[in-house]
Amino acid sequence: MSDTQNLTLVQAVRDGLKGELERDEDVVVFGEDVGKNGGVFRATQGLYDEFGEERVFDTPLAESGIVGTAIGMAAYGMKPVPEMQFSGFAYPAFDQIVSHAARLRTRSRSRFSVPMTLRMPYGGGIRAPEHHSESKEAFYTHEAGLKVVVPSTPRDTKGLLAASIRDPDPVVFMEPKLIYRAFREEVPDETYTVELGEAKTRREGSDVSVFTWGAMTRPSLEAAENLDGDIDVEVVDLRTLSPMDWDSIVESFKKTGRAVVVHEAPKTGGLGAEIAATIQEEALGYQKAPVTRVTGFDTPFPLYALEDYYMPEAARIEDGIREAVEF
Amino acid sequence: MSDTQNLTLVQAVRDGLKGELERDEDVVVFGEDVGKNGGVFRATQGLYDEFGEERVFDTPLAESGIVGTAIGMAAYGMKPVPEMQFSGFAYPAFDQIVSHAARLRTRSRSRFSVPMTLRMPYGGGIRAPEHHSESKEAFYTHEAGLKVVVPSTPRDTKGLLAASIRDPDPVVFMEPKLIYRAFREEVPDETYTVELGEAKTRREGSDVSVFTWGAMTRPSLEAAENLDGDIDVEVVDLRTLSPMDWDSIVESFKKTGRAVVVHEAPKTGGLGAEIAATIQEEALGYQKAPVTRVTGFDTPFPLYALEDYYMPEAARIEDGIREAVEF
Amino acid sequence: AEESESGTAAKGGRVFASPSARRLARELDVDIAAVEGSGPGGRVSDADVRAHAEGDEDEGVESAVTSAT
Amino acid sequence: MSVLDTDPREQVQVLAEDGSVVEGATVPDLSEEEFVEMYRTMKLARHFDQRAVSLQRQGRMGTYPPLSGQEAAQVGSAMALDDQDWLVPSYREHAASYVHGLTLEGTLRYWMGDERGNKLDDLNIFPVAVPIASQVPHAAGLGMAANYNDTDEVFMCYFGDGATSEGDFHEGLNFGGVFDTPTVFFCNNNQWAISVPREKQTASETIAQKAIAYGMDGVQVDGMDPLAVYKVASAAVERARNGEEDKLRPTLIEAVQYRYGAHTTADDPSVYRQDDEVEEWKAKDPIPRMETFLRDRGILDDERVADITESVEDEVAAAIETAEGFTRPTTDSMFEHVYADMPERLREQKAYLDRLRSDHGDEELLE
Amino acid sequence: MSVLDTDPREQVQVLAEDGSVVEGATVPDLSEEEFVEMYRTMKLARHFDQRAVSLQRQGRMGTYPPLSGQEAAQVGSAMALDDQDWLVPSYREHAASYVHGLTLEGTLRYWMGDERGNKLDDLNIFPVAVPIASQVPHAAGLGMAANYNDTDEVFMCYFGDGATSEGDFHEGLNFGGVFDTPTVFFCNNNQWAISVPREKQTASETIAQKAIAYGMDGVQVDGMDPLAVYKVASAAVERARNGEEDKLRPTLIEAVQYRYGAHTTADDPSVYRQDDEVEEWKAKDPIPRMETFLRDRGILDDERVADITESVEDEVAAAIETAEGFTRPTTDSMFEHVYADMPERLREQKAYLDRLRSDHGDEELLE
Ligand SMILES: Cc1ncc(C[n+]2csc(CCOP(=O)(O)OP(=O)(O)O)c2C)c(N)n1
Ligand SMILES: Cc1ncc(C[n+]2csc(CCOP(=O)(O)OP(=O)(O)O)c2C)c(N)n1
Ligand SMILES: [Mg+2]
Ligand SMILES: [Mg+2]
Ligand SMILES: [Mg+2]
């Protein structure tokens, strides 16, 4: 028997769900096709067989209904883990997410809370049809009362998912589906948590700080490697986008004085804006160059013939880093 | 017969709607209670009697249905002007707004477009019940394909509304209900447009630029007056939030080197972030102090016993201006 | 005094400098408007400020640096 | 045959408009005390409502949604619940909530702009839901949780006629049907959604028949007849709790009634409806109807009615006094209930507001 | 009595599973050419579908949603439309769209990741709708516009069984009822919403009966019987266009059918359903049914069937060749269709992408 397993990110989601389902009877997993089918990405594979359809079940095709009933269950004391099949299909549930999940605690002065973990795969690059490639984390980070978590490695995925499920507040858990199966990592068999609200420095560097998350972490690291010897790049994986780990961001920035934010979401109003705004608020005196944003374009996400042009990749990130450094 | 009328902002909405209804048969006005009742804020008062229920009509209580049918009408060639009774009740329509209204043009390579003007009163300060005080313009400005317009004076209201209705693309037209009846202005009887995408300098100044819009324009001007003689404050009313008039913002900033953004929306992820990020991107070399954000808090909008603490008012804005200037 | 100083600076014409250069100038008690910028479009960098400070035999420099650390 | 099997296009009634018992109707099996309680609570609700509206008019309270005319539907349905059961209201269920344990001062506190009115400690009542129909999926979800935990609680979910047009109504009832939840979906069809009349809300002849779309029974009841409402609601609660062969647990009840007053104190109904319509409906007023019924049975007389009137006035007056004596919520409370643990940025914002208050004083900030 | 007045719990049929005409059923009044056209189009759709799936398997096309088994519902319903009428599809209506004028290469182009496949110039077809049920309110709105403009166009709106659970289905049909729109709401009930079977989608016995909630007629039809579908759809189109006393214009049609293949090429149905279920439904296959009907009437013989088979194969092959010959969309096109006038920031982003491309070359960016 081994202590770890070599898992992909999506397998780590599954493993994380399994661990929490075993650990806490109040945890239930539901959504469209998460039961017998094991989820369209296989993130819930086998859980229906293992835990039965009381714990892992399919729902009607209705996102507002899924989140709305999850809120009822959560207020009752359960730990629901609903799935939105794609983040682009969470919008019909937007009212339930922002008007209720986010606010039930405040509205009831903490009598009720919504310990729900709303999983949703996000992001582009998988040649999917329209509306399947959204990454609009900024919609959720602008709503007080929600937490927003985006893992970038299998090990983190399991730990952050466990922490989200155990968290007393609603978490929008966005899974980078582009890297669901991109690589493997040793993931402990036992359950564990990775604390919410803590960024992780993936690569230390002194010339410039790259702040990113989810699927953009890998091309950011790739860009950093490509520039190695020339520019010494620090790469910080933010992991929790709300509440953000401002201390780590500002600390890294004070060290380097230059920053690049990399995200897939459209530039205008993306989280890169909040990061740049906060940096200049908290560390303007250290700022040697504009915080550069390497992001998706201010267009709807294109069909797949053009999607690779839409998404930031290493070359574009390198350019962004050079821009910040050569200012 | 006079050439102008002395109107409040909400009367200017009504006058603008009337002008466009007269001008273009394809314009129709609909929503909850906009017919006989004339709208819960009286923004459509008398229009039902004047234009009949083919042109001005009540719908079932269903925001997604309202926006979804408006999209159908717009794609057909009409110019629908649906109302969301409060911006906090637009969320059930969020999917229709972001997945369809914003994207039909791009998805159909401009075969279809959505010349819809989605009116919604926004903002706090009127002692209204829960969910009635939202100002989440940042949700819409992050979605490419939408335009977002927020007037701050009666005269602009009529002209911007006409421009929005005539615009070939979907406009989210957010009306500052706090100042619906706060003051009057001479408004021309005839129809006219105020061009979308152009900010307006409400007060010239050389020490610091205040960027704001909607209901926050007045307290910002008040703060500027209070500081007169001490600090020379420029106040720029952005009016169109998407696409933003970046030229005017950057130009003003290059002049002053200091900026304050004032908005009611929560700070984190609000439009203040985008403005600060863009300023440092485009004019970092001119920046003498952090762009200061004077905003709502990162909490749900409170019930009315506390709402006046939530909303920025002149004293808070003055503090923000001093902070920017004294850095 | 601090207040009126920055107030004056604000009115004192357009200087093109990175914020870190501005901070350094404040710390070194250098008048940023007097620094010759070597960057694109005459932009003032940290190095320009340092060079200016070193060329300048201002007494206040040392104490300003010490108090900043 | 259960009363729930009534054709959804018919209307269940027990008391005729004149307070007599309709021929062939069975009067629900309540004790004299319970009958009187039903009567008293309706009177209390009516009086409370009038006082609340006048508080608003005097600037002593914010916008308030009145319920006059809707007492029978609220009191009759809520009395069908056990203590263990849950009430999932919209924003107008002041009387139903009172029956289920909420104090009048609790209700006032909420409408006086203080979230503590929504705290509802120890009560099986969900917070007020303002976004129309959004509470319907919550009620289904609560029922799913109760099923999962194998309890026998029932969830009574209220919403209006307008609410039936929202997607959340549909999704909530469909989940209720699919997961066979112990939910009673109780529609207070008061004929108006602000200014929009019931006929413009849907082309469906009745709201009750919408139940067919979810495989559950739908039943229409005279919502101004407290005994009929009690009877139908009790049957629905019983079926939700214990099930019934070949039937789903949830029921859709359409209680046909009328809102006498404005939609809220911000509304002026004279713009969109005729006074004579109001008068017609007032002929069905539940309070005199119930009073007649009780007088006919010798349960009430002038003296008892006078006593009740007085006790009701006293109770409401005391509640208003209590509510107005409550302290203003602290500004800290705005930050304290966003997350279980306050994030750093929120702590900073809280400190910033404290600074603003001490620098400027409350008067300047609240001007 | 109109066929639309059939009890929503019954099922309209014309052709029995063996291709004979059901006793008492009237065969719709179509010409021989139209019957053959119906048959040919179903064969074309089936063949196209098989080729499309294999294109995807070979990496020559992205994810694709197959329609095999659903030809009768699509072809029968779309043939009921006039040219002036509109088709409002979901994402699986390749055959219906073909009938209404969309070329096969147009369909391929879309699934090959090029938005121009959705441009649909000169066609009265709305773009593909991927967010489930979101097109239903559009169809109601198009109908409201047609009413306003006093045209006599009809709008045929397609969606699946799963779609009926969404709020937008409810809101769209309710608007259709309230505004009496010339819309046919056509549900392709293919028994599955990806892996979720029809019984878990709703506790309603049929989907057709959901019409009752909107005051309109609902009718269930054998969706694998092209003549029955045509008959019901024609009646609904006629009622939508010209009205009928005491009836609303819109109808909800539930066409009961089966998806033989995967939900999309990304799906593996063996995980959630049994092969023998598929085999059972294949016994109802519309193509041999229609072929038998036509052979029985002497309209088809072996030779004509072979000719048709060949012509269908040629047409599909040509379409694939054309589609694969299309140029890749330009990167500029990504920016050009966001607004009628490109905002400055978008122009900058477009220029930035051009710069990236010239600095790095497409290979590096697309790696
Ligand atoms: C989602 C949403 N849209 C609009 C509103 C504004 N609004 C408040 S009450 C109301 C009418 C509700 O009518 P009904 O459901 O019949 O309930 P009633 O008030 O008659 O009890 C409307 C439109 C809201 N609160 N929520
Ligand atoms: C709003 C939304 N939620 C989820 C999805 C993902 N999804 C695509 S197809 C599908 C099932 C649709 O089933 P049904 O309506 O029966 O249509 P069918 O595919 O069977 O034709 C789902 C869940 C989506 N496209 N849109
Ligand atoms: Mg009502
Ligand atoms: Mg909805
Ligand atoms: Mg289906």
Inset, instruction - Inspect all residues belonging to region A:137-157 and state whether any of them is touching a helix residue (DSSP H, G or I) at 6+ places or on another chain (Cβ under 7 Å), without any contact (Cβ under 8 Å) to a residue 60 or more places away in the chain, open to solvent by 10 Å² or more (accessible area, probe 1.4 Å) and away from ligand 5 (no atom under 16 Å from the Cβ). - result: no
Inset, instruction - Would you be able to say whether some residue in region A:281-291 is without any contact (Cβ under 8 Å) to a residue 40 or more places away in the chain, in contact with a Ser or Thr (Cβ under 9 Å, 6 or more places away or on another chain) and more than 12 Å from chain C (Cβ to nearest Cβ)? - result: no
Inset, instruction - Answer with yes or no whether A:E204 is touching a residue at least 12 places away in the same chain (Cβ under 8 Å) and surrounded by fewer than 20 Cβ atoms within 10 Å (Cβ to Cβ). - result: yes
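Test E:R345 against the stated conditions and say whether it is within 14 Å of chain B (Cβ to nearest Cβ), open to solvent by 20 Å² or more (accessible area, probe 1.4 Å) and of a type in the set (K, R).
In short, yes.
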Inset, instruction - Please indicate, with yes or no, whether at least one residue in region E:179-191 is closer than 20 Å to D:G162 by Cα and either at pLDDT below 95 or out of contact with any His (no Cβ under 8 Å at 6 or more places or on another chain) (or both). - result: yes
Inset, instruction - State whether the residues of region B:211-219 include one that is part of a loop (DSSP other than H, G, I, E, B) and open to solvent by 10 Å² or more (accessible area, probe 1.4 Å). - result: no
Inset, instruction - Go through B:V187, B:V171, B:V148 for me and flag whichever is touching a Ser or Thr at 6+ places or on another chain (Cβ under 8 Å), farther than 23 Å from A:D95 by Cβ and at pLDDT 95 or above. - result: B:V187
Legend entry - Tabulated pairs, region D:258-274, first under 13 Å from D:P65 (Cβ atoms), second assigned to a loop (DSSP other than H, G, I, E, B) and among the aromatic types (F, W, Y), C-beta under 7 angstrom, 6+ apart or interchain: D:T264/D:Y64; D:T265/D:Y64
Legend entry - Only listed residue being surrounded by fewer than 24 Cβ atoms within 10 Å (Cβ to Cβ) and within 11 Å of chain D (Cβ to nearest Cβ), chosen from E:E153, E:E105, E:E166, E:E205: E:E205
Inset, instruction - Considering only region A:1-78, give the strands (runs of 3 or more DSSP E) lying wholly within it that have at least 3 residues that are more than 15 Å from ligand 2 (Cβ to nearest atom) and in contact with a Pro (Cβ under 7 Å, 6 or more places away or on another chain). - result: A:4-8
Inset, instruction - Please verify whether region E:142-164 includes one or more residues that are more than 18 Å from the chain's Cα centre (by Cα), within 24 Å of D:F169 (Cα to Cα) and within 16 Å of ligand 4 (Cβ to nearest atom). - result: no
Legend entry - Residues of region A:301-318 satisfying the condition of being under 17 Å from E:K350 (Cβ atoms), open to solvent by 10 Å² or more (accessible area, probe 1.4 Å) and more than 7 Å from chain E (Cβ to nearest Cβ): A:F301, A:M311
Legend entry - Flag if E:V53 is open to solvent by less than 20 Å² (accessible area, probe 1.4 Å) and assigned to a helix (DSSP H, G or I): no
Legend entry - Residue selected from region E:230-248 under the condition out of contact with any Pro (no Cβ under 6 Å at 6 or more places or on another chain) and among the hydrophobic types (A, V, I, L, M, F, W, C), by the criterion surrounded by the most Cβ atoms within 10 Å (Cβ to Cβ): E:V232
Legend entry - Matching residues, region E:120-150, being facing chain B (nearest Cβ under 9 Å), open to solvent by less than 10 Å² (accessible area, probe 1.4 Å) and assigned to a loop (DSSP other than H, G, I, E, B): E:F126, E:P127, E:A129, E:P131, E:S134
Inset, instruction - Report yes if some residue within region A:94-113 is closer than 19 Å to A:W213 by Cα, touching a residue at least 24 places away in the same chain (Cβ under 8 Å) and of a type outside the set (A, V, I, L, M, F, W, C); otherwise report no. - result: no
Legend entry - Tally of residues being in contact with a helix residue (DSSP H, G or I) (Cβ under 6 Å, 6 or more places away or on another chain) and within 11 Å of chain B (Cβ to nearest Cβ) across region A:109-136: 3
Inset, instruction - Confirm whether E:S20 is within 22 Å of E:V256 (Cα to Cα), open to solvent by less than 40 Å² (accessible area, probe 1.4 Å) and hydroxyl-bearing (S, T, Y). - result: no
Inset, instruction - Tell me which residues, restricted to region E:174-221, are in contact (Cβ under 8 Å) with a residue 60 or more places away in the chain, assigned to a loop (DSSP other than H, G, I, E, B) and closer than 24 Å to D:G176 by Cβ. - result: E:Q191, E:I194, E:S195, E:E205, E:T206
Legend entry - Residue under evaluation D:D180, criteria (1) over 18 Å from the mean Cα position of the chain (by Cα); (2) more than 21 Å from B:P92 (Cα to Cα); (3) buried (at least 23 other Cβ atoms within 10 Å of the Cβ), criterion not met: (3)
Inset, instruction - Tell me, please, whether a residue that is open to solvent by 10 Å² or more (accessible area, probe 1.4 Å) and away from chain E (no Cβ under 14 Å) can be found in region B:53-76. - result: no
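Quick check on region D:214-229. Is at least one of its residues within 19 Å of A:E63 (Cβ to Cβ), in the same structural domain as D:T292 (by TED's automatic domain parsing) and open to solvent by less than 10 Å² (accessible area, probe 1.4 Å)? Show your work before the answer.
Narrowing region D:214-229 to residues within 19 Å of A:E63 (Cβ to Cβ): D:214.
From what is left, the residues that are in the same structural domain as D:T292 (by TED's automatic domain parsing) are D:214.
Next, from what is left, pick out any that are open to solvent by less than 10 Å² (accessible area, probe 1.4 Å): D:214.
The answer is yes; a qualifying residue exists.
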Inset, instruction - Report whether or not D:A236 is small (G, A, S), away from ligand 2 (no atom under 16 Å from the Cβ) and assigned to a loop (DSSP other than H, G, I, E, B). - result: no
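The values are calculated or read from the model by the stated rules, or taken from the named source; none is laboratory data. Worth saying up front: this structure is predicted, and the values here are computed from it rather than measured. Here the Cβ is made from the backbone with ideal geometry for all residues, glycine too, and neighbour counts use every protein chain on show. Side chains included, ligands, DNA and RNA excluded: accessible areas come from the protein's heavy atoms. Shrake-Rupley method; radii C 1.70, N 1.55, O 1.52, S 1.80 Å.
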